[in-house]
Amino acid sequence: MTGANIRKMSKQELGQFFECSHISYNPKEKIVENCKKALEYQIAGVYCNPYEVPIVKPMIEGSGLFLGMSLAFPRGIDLPDVKAYNAQKIQELGVTNIDFVINYRAVKEGNWDIVEEEVEKVRNAVPEAVLKMIVECCELDDEQLTKAVQIGIKNKVNYIKSSTGQLRGPSFHQVDMLAKLLKNTDTLLKVSGVQTPKSQNAFIYLLAGAKRIGSQNPFEMLDGIDELREAGIF
(Lines give C-alpha, C1' and ligand atoms only; values in the text may rest on other atoms or scores of the structure.)
Protein backbone atom coordinates (compact mmCIF):
# COMPACT_ATOMS: atom_id res chain seq x y z
CA MET A 1 0.00 0.00 0.00
CA THR A 2 1.52 3.29 -1.06
CA GLY A 3 1.63 6.46 0.96
CA ALA A 4 -0.60 8.17 -1.63
CA ASN A 5 -3.30 5.54 -1.13
CA ILE A 6 -3.09 5.81 2.65
CA ARG A 7 -3.59 9.58 2.48
CA LYS A 8 -6.87 9.12 0.62
CA MET A 9 -8.34 6.44 2.90
CA SER A 10 -11.30 7.02 5.18
CA LYS A 11 -10.93 6.49 8.92
CA GLN A 12 -12.66 3.12 8.63
CA GLU A 13 -10.35 2.05 5.81
CA LEU A 14 -7.32 3.11 7.85
CA GLY A 15 -8.49 0.87 10.68
CA GLN A 16 -7.00 -2.16 8.91
CA PHE A 17 -3.52 -0.91 9.85
CA PHE A 18 -4.20 -0.76 13.60
CA GLU A 19 -4.33 -3.37 16.38
CA CYS A 20 -5.65 -3.04 19.94
CA SER A 21 -3.73 -4.58 22.83
CA HIS A 22 -4.87 -5.54 26.34
CA ILE A 23 -1.55 -6.84 27.65
CA SER A 24 -1.79 -4.55 30.70
CA TYR A 25 -4.49 -5.08 33.29
CA ASN A 26 -7.85 -3.66 32.29
CA PRO A 27 -11.16 -4.24 34.06
CA LYS A 28 -13.65 -6.37 32.15
CA GLU A 29 -15.76 -3.32 31.34
CA LYS A 30 -12.85 -1.61 29.59
CA ILE A 31 -12.03 -4.72 27.56
CA VAL A 32 -15.65 -5.02 26.43
CA GLU A 33 -15.71 -1.32 25.53
CA ASN A 34 -12.52 -1.64 23.47
CA CYS A 35 -13.78 -4.73 21.66
CA LYS A 36 -16.90 -2.81 20.65
CA LYS A 37 -14.72 0.03 19.41
CA ALA A 38 -12.50 -2.43 17.55
CA LEU A 39 -15.55 -3.65 15.65
CA GLU A 40 -16.79 -0.11 15.04
CA TYR A 41 -13.44 1.16 13.75
CA GLN A 42 -12.84 -2.03 11.73
CA ILE A 43 -9.31 -2.47 13.05
CA ALA A 44 -7.26 -5.56 12.23
CA GLY A 45 -7.44 -7.40 15.53
CA VAL A 46 -7.42 -7.49 19.32
CA TYR A 47 -4.74 -8.82 21.69
CA CYS A 48 -5.52 -10.09 25.17
CA ASN A 49 -4.09 -12.24 27.95
CA PRO A 50 -5.03 -15.95 28.14
CA TYR A 51 -7.38 -15.36 31.06
CA GLU A 52 -9.32 -12.82 28.99
CA VAL A 53 -9.97 -15.02 25.96
CA PRO A 54 -13.52 -15.90 27.16
CA ILE A 55 -14.29 -12.16 27.13
CA VAL A 56 -12.68 -11.18 23.83
CA LYS A 57 -13.10 -14.22 21.58
CA PRO A 58 -16.95 -14.33 21.53
CA MET A 59 -17.12 -10.59 20.84
CA ILE A 60 -14.94 -10.63 17.73
CA GLU A 61 -15.58 -14.15 16.43
CA GLY A 62 -16.87 -14.12 12.86
CA SER A 63 -16.14 -10.41 12.45
CA GLY A 64 -12.91 -10.73 10.48
CA LEU A 65 -10.86 -9.33 13.37
CA PHE A 66 -8.08 -11.63 14.51
CA LEU A 67 -7.47 -12.79 18.08
CA GLY A 68 -3.88 -12.14 19.16
CA MET A 69 -1.69 -12.80 22.16
CA SER A 70 1.80 -11.80 23.29
CA LEU A 71 4.57 -14.11 24.42
CA ALA A 72 7.61 -13.69 26.70
CA PHE A 73 6.95 -10.06 27.68
CA PRO A 74 8.77 -7.88 28.36
CA ARG A 75 12.39 -9.08 27.99
CA GLY A 76 12.01 -12.37 26.14
CA ILE A 77 14.29 -14.30 28.50
CA ASP A 78 12.28 -17.53 28.55
CA LEU A 79 14.08 -20.60 27.20
CA PRO A 80 13.53 -21.37 23.48
CA ASP A 81 11.64 -24.59 24.24
CA VAL A 82 9.38 -22.75 26.69
CA LYS A 83 8.57 -20.11 24.08
CA ALA A 84 7.75 -22.78 21.51
CA TYR A 85 5.54 -24.69 23.96
CA ASN A 86 3.71 -21.55 25.04
CA ALA A 87 3.14 -20.57 21.42
CA GLN A 88 1.45 -23.91 20.81
CA LYS A 89 -0.69 -23.62 23.94
CA ILE A 90 -2.00 -20.15 23.16
CA GLN A 91 -2.70 -21.18 19.57
CA GLU A 92 -4.97 -23.89 21.00
CA LEU A 93 -7.07 -21.08 22.50
CA GLY A 94 -7.93 -19.86 19.00
CA VAL A 95 -5.17 -17.28 18.73
CA THR A 96 -4.00 -16.65 15.16
CA ASN A 97 -1.54 -13.77 15.72
CA ILE A 98 1.37 -14.23 18.14
CA ASP A 99 3.81 -11.47 19.12
CA PHE A 100 6.93 -12.78 20.83
CA VAL A 101 9.93 -10.98 22.29
CA ILE A 102 13.38 -12.21 21.36
CA ASN A 103 15.84 -12.74 24.19
CA TYR A 104 17.01 -9.26 25.11
CA ARG A 105 20.03 -10.41 27.11
CA ALA A 106 21.19 -12.77 24.37
CA VAL A 107 21.01 -9.97 21.81
CA LYS A 108 22.93 -7.52 24.01
CA GLU A 109 25.60 -10.15 24.72
CA GLY A 110 25.90 -11.15 21.07
CA ASN A 111 24.69 -14.70 21.76
CA TRP A 112 23.02 -15.02 18.38
CA ASP A 113 22.84 -18.83 18.51
CA ILE A 114 20.17 -18.54 21.22
CA VAL A 115 18.20 -16.00 19.18
CA GLU A 116 18.43 -18.20 16.08
CA GLU A 117 17.29 -21.22 18.07
CA GLU A 118 14.29 -19.56 19.68
CA VAL A 119 13.00 -17.93 16.50
CA GLU A 120 13.34 -21.18 14.57
CA LYS A 121 11.60 -23.20 17.32
CA VAL A 122 8.72 -20.77 17.71
CA ARG A 123 8.21 -20.58 13.94
CA ASN A 124 8.23 -24.38 13.64
CA ALA A 125 5.88 -24.77 16.62
CA VAL A 126 3.16 -22.60 15.04
CA PRO A 127 3.75 -22.71 11.28
CA GLU A 128 0.30 -21.40 10.44
CA ALA A 129 0.27 -18.51 12.92
CA VAL A 130 0.90 -14.91 11.95
CA LEU A 131 4.15 -14.48 13.87
CA LYS A 132 5.42 -11.05 14.93
CA MET A 133 8.95 -10.94 16.29
CA ILE A 134 9.58 -8.09 18.75
CA VAL A 135 13.06 -6.60 18.72
CA GLU A 136 12.64 -3.69 21.22
CA CYS A 137 14.73 -1.59 18.87
CA CYS A 138 15.04 1.42 21.21
CA GLU A 139 17.45 -0.72 23.26
CA LEU A 140 19.57 -1.85 20.28
CA ASP A 141 22.23 -0.26 18.13
CA ASP A 142 22.03 -0.41 14.33
CA GLU A 143 24.26 -3.48 14.07
CA GLN A 144 22.24 -5.45 16.63
CA LEU A 145 18.97 -4.40 15.03
CA THR A 146 20.16 -5.44 11.58
CA LYS A 147 21.29 -8.86 12.79
CA ALA A 148 18.00 -9.48 14.61
CA VAL A 149 15.97 -8.54 11.55
CA GLN A 150 18.06 -10.85 9.37
CA ILE A 151 17.28 -13.75 11.72
CA GLY A 152 13.58 -12.96 11.53
CA ILE A 153 13.58 -12.84 7.74
CA LYS A 154 15.56 -16.09 7.53
CA ASN A 155 13.02 -17.88 9.73
CA LYS A 156 10.03 -16.47 7.84
CA VAL A 157 8.39 -14.49 10.60
CA ASN A 158 5.47 -12.50 9.22
CA TYR A 159 6.31 -9.22 10.93
CA ILE A 160 9.19 -7.54 12.68
CA LYS A 161 7.66 -5.53 15.52
CA SER A 162 9.65 -2.53 16.70
CA SER A 163 8.78 -2.59 20.39
CA THR A 164 6.83 -4.11 23.24
CA GLY A 165 5.25 -0.73 23.87
CA GLN A 166 6.46 -0.93 27.48
CA LEU A 167 9.47 1.36 26.93
CA ARG A 168 9.99 4.53 24.93
CA GLY A 169 9.33 3.11 21.48
CA PRO A 170 11.33 3.47 18.27
CA SER A 171 12.98 6.56 16.84
CA PHE A 172 12.14 7.78 13.34
CA HIS A 173 15.59 6.59 12.27
CA GLN A 174 14.86 3.08 13.53
CA VAL A 175 11.46 2.87 11.83
CA ASP A 176 13.00 4.03 8.57
CA MET A 177 15.84 1.56 9.01
CA LEU A 178 13.46 -1.33 9.69
CA ALA A 179 11.36 -0.43 6.65
CA LYS A 180 14.47 -0.44 4.44
CA LEU A 181 15.75 -3.74 5.86
CA LEU A 182 12.39 -5.38 5.15
CA LYS A 183 11.91 -3.91 1.69
CA ASN A 184 11.54 -6.59 -1.02
CA THR A 185 11.11 -9.35 1.59
CA ASP A 186 8.01 -11.26 2.69
CA THR A 187 8.34 -9.88 6.24
CA LEU A 188 6.33 -6.78 7.13
CA LEU A 189 6.81 -4.04 9.72
CA LYS A 190 4.70 -3.43 12.82
CA VAL A 191 5.36 -0.43 15.06
CA SER A 192 4.38 -0.15 18.73
CA GLY A 193 5.31 2.34 21.41
CA VAL A 194 4.23 5.34 19.32
CA GLN A 195 5.10 8.52 21.17
CA THR A 196 3.23 11.83 21.44
CA PRO A 197 1.92 13.36 19.19
CA LYS A 198 0.58 9.86 18.60
CA SER A 199 -1.74 10.37 15.63
CA GLN A 200 0.84 12.34 13.71
CA ASN A 201 3.64 9.87 14.44
CA ALA A 202 1.48 6.82 13.69
CA PHE A 203 0.62 8.07 10.23
CA ILE A 204 4.22 9.10 9.56
CA TYR A 205 5.20 5.49 10.34
CA LEU A 206 2.57 4.19 7.93
CA LEU A 207 3.88 6.49 5.23
CA ALA A 208 7.40 5.25 6.00
CA GLY A 209 6.37 1.65 5.32
CA ALA A 210 4.81 0.21 8.50
CA LYS A 211 1.88 -2.10 7.79
CA ARG A 212 0.54 -2.29 11.34
CA ILE A 213 0.46 0.00 14.37
CA GLY A 214 -0.06 -1.65 17.77
CA SER A 215 -1.49 0.31 20.68
CA GLN A 216 -3.62 0.04 23.80
CA ASN A 217 -5.68 2.91 22.36
CA PRO A 218 -5.57 2.86 18.55
CA PHE A 219 -8.94 4.61 18.47
CA GLU A 220 -7.37 7.82 19.76
CA MET A 221 -4.88 7.73 16.88
CA LEU A 222 -7.61 7.11 14.31
CA ASP A 223 -9.76 9.91 15.71
CA GLY A 224 -6.79 12.22 15.34
CA ILE A 225 -6.79 11.80 11.55
CA ASP A 226 -9.61 14.35 11.23
CA GLU A 227 -7.61 17.01 13.07
CA LEU A 228 -4.50 16.24 11.01
CA ARG A 229 -6.45 16.59 7.78
CA GLU A 230 -8.04 19.85 8.88
CA ALA A 231 -4.55 21.19 9.55
CA GLY A 232 -3.31 19.97 6.17
CA ILE A 233 -0.73 17.67 7.79
CA PHE A 234 -2.10 14.38 6.47
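Taking Ile55, Ile23, Ile153 in turn, the Gaussian network model of the chain (Cα-Cα springs below 10 Å) assigns the largest fluctuation to Ile55.
Charges were assigned to the Cβ only: +1 to each Lys and Arg, -1 to each Asp and Glu. The resulting dipole of the chain about its Cα centre is roughly 320 debye.
Considering every pair of different Cα atoms, what Kirkwood radius, in Å, is found for the stretch 143-201?
Final number for the Kirkwood radius of the stretch 143-201 is 11.9 Å.
Computed over protein heavy atoms with a 1.4 Å probe, the carbon and sulfur contribution to the accessible area of the chain reaches 49%.
Using θ = phi - 60° in the Karplus curve 6.51 cos²θ - 1.76 cosθ + 1.60, the 3J(HN,Hα) couplings for the stretch 147-163 round to 5, 4, 4, 4, 5, x, 4, 4, 9, 6, 5, 7, 9, 9, 9, 5, 7 Hz; x is entered for Gly and Pro. Rounded to the nearest 500, the helix-only mean residue ellipticity at 222 nm of the chain stands at -14000 deg cm²/dmol, with each DSSP H run of n ≥ 4 adding -39,500 (n - 2.57). The HN-Hα couplings worked out from phi for the stretch 18-24 by the Karplus form 6.51 cos²θ - 1.76 cosθ + 1.60 (θ = phi - 60°) are 10, 10, 9, 10, 10, 6, 8 Hz, whole numbers, x standing for Gly and Pro. For Ile213, nonlocal amide neighbours, meaning residues 5 or more places apart or on other chains whose placed amide H falls under 5 Å from its own, are Phe18, Glu19, Val191. Among Gly152, Gly15, Gly62, the residue with the largest mean-square fluctuation in a Gaussian network model of the chain, with springs joining Cα atoms closer than 10 Å, is Gly62. Cα centroid separation, the stretch 150-174 to the stretch 189-217: 12 Å.
I'm checking a number: the convex hull volume of the Cα atoms of the chain, normalised per residue, in Å³. What is it?
Numbers: hull volume 26.5 nm³, N = 234.
Taking the convex hull of the Cα positions in the chain, it is 113 Å³ per residue.
Over the chain, accessible surface divided per residue gives 47 Å², non-protein components excluded, 1.4 Å probe.
Choose one answer from Tyr25, Tyr104, Tyr47: the residue with the largest mean-square fluctuation in a GNM of the chain with alpha-carbon springs under 10 Å. Evaluated over the chain, the most mobile residue of the options is Tyr25.
Karplus-based coupling profile of the stretch 41-49, in residue order and whole Hz: 8, 6, 6, 6, x, 10, 9, 8, 7, with θ = phi - 60° in 6.51 cos²θ - 1.76 cosθ + 1.60 and x standing for Gly or Pro.
The values are calculated or read from the model by the stated rules, or taken from the named source; none is laboratory data. Everything numeric here is computed off the predicted structure, so don't read it as measured data. Note: ideal-geometry Cβ built from the backbone for every residue, glycine included; neighbour counts use all protein chains shown. The area values use the complete protein model at the heavy-atom level, side chains included, leaving out ligands, DNA and RNA. Shrake-Rupley method; radii C 1.70, N 1.55, O 1.52, S 1.80 Å.
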